[in-house]
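See below for the structure under consideration.
The values are calculated or read from the model by the stated rules, or taken from the named source; none is laboratory data. It should be emphasised that the depicted structure is a prediction, and the values quoted were computed from it without experimental measurement. Cβ coordinates were reconstructed from backbone atoms using ideal geometry, including for glycine residues, and neighbour counts include every protein chain displayed. All accessible areas refer to the heavy atoms of the entire protein, side chains included, with ligands and DNA or RNA removed. Shrake-Rupley method; radii C 1.70, N 1.55, O 1.52, S 1.80 Å.
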Amino acid sequence: PKADSVAHRRGMEYVLDTIKRENAGREIVFVLDADYRKMYASGKAERFPVNDTISELCEVRGIPCIDMAGALAERYRRDRQRHDFVIDRHWNSHGHRVVAEIIYEELVKRGILNFADAAASPTTVRHQ
């Protein structure tokens with residue numbers, strides 16, 4: 001179904017409700033990716049149309065949602081390095097690093113991950 005159709009929205013509601021129910025008592029955070037092809041062409045934060053719906057549905061359910069479009073566009077403007085492979089939309093090694101940094105910063109900023117937890121973690125992102 002089209003991203004803006006009623007059936008598509010109901011499907012997303014079902015998935016979010018199922019994830020929330022099956023993970024009761026656990027912290028859930030959704031991460032929304034950017035539309036890289038448009039972002040590389042425009043240099044601006046480009047979001048997939050479905051991101052608005054997912055953000056709205058997460059907010060109603062009290063699920064934190066990190067929309068990375070703005071931060072990814074800022075990083076791209078700054079370093080001019082692709083975040084994905086040319087042949088598909090999967091993150092390359094640079095993209096994985098950037099995304100990890102963005103998620104880490106957002107989790108700390110939102111109080112989901114505290115500095116003590118982050119400092120003790122062997123997977124702490126090191127900022128350069």
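May I ask you to say which residue of 54, 63 is among the hydrophobic types (A, V, I, L, M, F, W, C), touching a strand residue (DSSP E or B) at 6+ places or on another chain (Cβ under 7 Å), assigned to a loop (DSSP other than H, G, I, E, B) and on the phi < 0 side of the Ramachandran plot? Checking each option against the conditions leaves just 63. Per this entry, residue 41 is not counted among residues that are assigned to a helix (DSSP H, G or I) and within 22 Å of residue 106 (Cβ to Cβ). Candidates in the stretch 53-82 are the residues that are acidic (Asp, Glu) and within 28 Å of residue 15 (Cα to Cα); of these, the one that is most open to solvent (accessible area, probe 1.4 Å) is 59. Residue 24 meets the stated requirement of being over 15 Å from the mean Cα position of the chain (by Cα), within 27 Å of residue 113 (Cα to Cα) and without any contact (Cβ under 8 Å) to a residue 12 or more places away in the chain. Scanning the stretch 83-108 for residues that are open to solvent by 70 Å² or more (accessible area, probe 1.4 Å) and in a helix (DSSP H, G or I) turns up 93, 96, 97, 105.
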